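The values are calculated or read from the model by the stated rules, or taken from the named source; none is laboratory data. Just so it is clear, the structure is predicted and the values come from calculations on it, not from any experiment. We place every Cβ from the backbone using ideal geometry, glycine too, and count neighbours over all the protein chains shown.
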Amino acid sequence: MKKIYVIHRDAEFTKNCRTVLETAGFAVEVFRSTGPALNALNWSAPSAILLNMSDESLDGLQLMQRIRNKSTAPVILLTESSEEIDEIMGLRLGADAVLRQPISQHLLCEWVKSLLKRHQALTDLAQPGNQMQRQIQAGDLVMEPDRFVAMWRGQALPLTISEFRLLSSLASRPGIVRQRDSLIDVIHDDEGYVDDRSIDSHIKRIRSKIREIDPSFNCIQAVYSLGYRYNVPEEKQRLKVAATRDSVTMQEASFHA
């Protein structure tokens, strides 16, 4: 169970916030002052932190800086200030979001879920040997997620962030059906509200952009009532297998020599 730290002086806010977050499946630890919160970070690693910047924004900003020295967890700063400089400073000191109060606890919970999802995706990308960290090659499609580069038969594809994420999600597992719900999750953080029609529109634009290079492109196939999959033509698969066998044969020959 993911643990959320809530650092806020308002008793009613923390009570309501705890209720909403625990209902969503999180463990919640509330701190009414900054000292205990900083001490807890020495022995506990929360999944996310909600921090009230307070009326005296300097206190909240100083605490934000000290938190970043102890934790890499996503941090949401809450402020009642209308000054843009406070938001800018909060982001510069490492906050993942700065939200103005009053704010619905349910909306705040959605922010927590969204940031946790993004943080987990970045953590997965950083793991050695992760598929998304390496080059993705599926037939004539080559993608480099770290460089945000996509190419079809050697020509660059001008994809948006959402289009790139969708295409890489499909191409990283050729032949596997990705349900619409999982594809919605792929681009939810970039676009906020996403539905089935949004996915269909993105797929249509991806196909259109690739067909400007190759009119015969038909690798992205819709699976009725489920979602989409990326299919690599059989001849491309055979060529890839043959190339792999040739490589292994050459390595064996070199070893025996």
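Kindly list the number of the only condition in (1) within 20 Å of the chain's Cα centre (by Cα); (2) among the small types (Gly, Ala, Ser); (3) assigned to a helix (DSSP H, G or I) that fails for ALA150.
(3)
This table checks each residue for (1) under 25 Å from LYS113 (Cα atoms); (2) surrounded by fewer than 12 Cβ atoms within 10 Å (Cβ to Cβ); (3) modelled with pLDDT of 90 or more; (4) hydrophobic (A, V, I, L, M, F, W, C).
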| residue | (1), (2), (3), (4) |
| --- | --- |
| TRP152 | no, no, yes, yes |
| ILE187 | yes, no, no, yes |
| LYS236 | no, no, no, no |
| ARG245 | no, yes, no, no |
| PHE255 | no, yes, no, yes |
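Yes/no per residue for (1) assigned by TED's automatic domain parsing to the domain that holds MET143; (2) modelled with pLDDT of 90 or more; (3) of a type in the set (Phe, Trp, Tyr); (4) in contact with a helix residue (DSSP H, G or I) (Cβ under 7 Å, 6 or more places away or on another chain):
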residue: GLU191; (1), (2), (3), (4): yes, no, no, yes
residue: ASP196; (1), (2), (3), (4): yes, no, no, yes
residue: ILE199; (1), (2), (3), (4): yes, no, no, yes
residue: ILE206; (1), (2), (3), (4): yes, yes, no, yes
residue: ARG211; (1), (2), (3), (4): yes, yes, no, no
residue: ASP214; (1), (2), (3), (4): yes, yes, no, no
residue: GLN221; (1), (2), (3), (4): yes, yes, no, no
residue: TYR230; (1), (2), (3), (4): yes, yes, yes, yes
residue: VAL241; (1), (2), (3), (4): no, no, no, no
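If a residue has to be of a type in the set (Val, Ile, Thr) and exposed (fewer than 14 other Cβ atoms within 10 Å of the Cβ) to count, how many in the range 67-102 make the cut?
Restricting attention to the range 67-102, the residues satisfying the condition of being of a type in the set (Val, Ile, Thr) are 67, 72, 75-76, 79, 85, 88, 98.
Okay, now just the ones that are also exposed (fewer than 14 other Cβ atoms within 10 Å of the Cβ), so 72, 85, 88.
Qualifying residue count, the range 67-102: 3.
Pairs needed: first member in the range 197-226, touching a residue at least 12 places away in the same chain (Cβ under 8 Å); second member anywhere, assigned to a loop (DSSP other than H, G, I, E, B); C-beta distance under 6 Å; at least 6 residues apart or different chains.
That search, which allows pairs on different chains as well, returns LYS209/LEU157; ILE210/PHE217; CYS219/ASN231; VAL223/VAL177; LEU226/VAL177.
Checking the condition modelled with pLDDT under 90 and surrounded by 12 or more Cβ atoms within 10 Å (Cβ to Cβ), which residue from LEU141, LEU159 passes? Give the steps one after another, and end with the answer.
Details: LEU141 fails: modelled with pLDDT under 90.
Exactly one of LEU141, LEU159 is modelled with pLDDT under 90 and surrounded by 12 or more Cβ atoms within 10 Å (Cβ to Cβ), namely LEU159.
Can you tell me which residues in the range 153-188 are small (Gly, Ala, Ser) and not in a strand (DSSP E or B)? Lay out the reasoning, then the answer.
Taking the range 153-188 first, the residues small (Gly, Ala, Ser) are 154, 156, 162, 168-169, 171-172, 175, 182.
Scanning the range 153-188 gives GLY154, SER162, SER168, SER169, ALA171, SER172, GLY175, SER182.
Given (1) buried (at least 16 other Cβ atoms within 10 Å of the Cβ); (2) within 30 Å of ILE184 (Cα to Cα), where does LYS117 come up short, assuming only one miss?
(1)
Does any residue in the range 32-55 that is surrounded by fewer than 16 Cβ atoms within 10 Å (Cβ to Cβ) come within less than 8 Å, Cβ to Cβ, of a residue that is hydroxyl-bearing (Ser, Thr, Tyr) six or more places away or on a different chain, and which pairs are these?
Note: pairs meeting the criteria are ARG32/THR14; ALA45/SER71; ASP55/SER81.
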